Amino acid sequence: MTVTIYHNPNCSKSRDALRFLTASGIEPEIVLYLKEGWSHDQLIALKTACSMDWTDMLRPDAGALLKPFIIADDDVAIIDYLIEHPEALERPFVQSPKGVRLCRPLTRIIDIIDQTPEGPWLTEKGEQIL
């Protein structure tokens, strides 16, 4: 099973998701989107696959900034912004053959992977997930 994590190593939620995957025996493909950037096609595919609105996919400060474009349903302006500011997208997104999830909360990752680590399993901040 191929699993991809769109990862920001500076984000504790993203680090937790990566640790959860590896503790589950999954060696995911890691996309460092801040370094590699986003393409128009990647963002459209991600939005389509996760069936989310831009409002839920964007970090709160970006959502507030882009609110006029969200209201106008202007995907082009939003995508152009995300290409220039990849950090504006929430994280982490995880993709598997079972689907794509924004793993906030981290428990959403369980829906799209076949195995989980043995419990108890704690986040970096000590929150028990399993």
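Rule-based calculations on the coordinates, nothing more; no lab input. A quick note: this is a predicted structure, and the numbers were derived from the prediction, not measured. Positions of Cβ are generated from backbone atoms using ideal geometry, with glycine treated the same way; all protein chains shown enter the neighbour counts.
Please identify every one of the trypsin sites (Lys or Arg not before Pro) in the stretch 28-130 that sits in a loop by DSSP and has no more than 16 other beta carbons within 10 Å of its own beta carbon.
98, 125
Name the residue farthest towards the positive end of the dipole of the stretch 4-112 from the options 97, 37, 55, assuming +1 on Cβ of Lys and Arg, -1 on Cβ of Asp and Glu, about the Cα centre.
97
What percent does the relative contact order of the stretch 4-112 come to when contacts are Cα pairs within less than 8 Å and at least six residues apart?
Value for the stretch 4-112: 33 percent.
Taking 0.36 nm per intervening residue step and subtracting the Cα-Cα distance, what contour gain separates residue 55 from residue 108 on full extension?
17.3 nm
How big is the equivalent ellipsoid of the stretch 13-130 along its three axes, where each semi-axis is √(5λ) from the Cα gyration tensor, reported in whole Å from largest to smallest?
28, 14, 13
Expressed as a whole number of Å, what is the distance separating the alpha-carbon centroids of the stretch 101-121 and the stretch 62-86?
That distance is 29 Å.
Relative to the longest principal Cα axis of the chain, at what angle does helix 40-50 sit, 0 to 90 degrees, rounded to 10?
60
Please compute the modelled spin-label separation between residue 1 and residue 36, points set 7 Å along Cα→Cβ, answer in nm with one decimal.
Reported label-point gap for residue 36 and residue 1 is 2.1 nm.
Could you work out the local net charge near residue 11, counting Lys and Arg as +1, Asp and Glu as -1, over the other residues with Cβ closer than 11 Å to its Cβ? Let's see the in-between values first.
Details: positive: 13, 15, 59, 91, 104; negative: 16, 87, 90, 124.
Counting the neighbours of residue 11, the net charge comes to +1.
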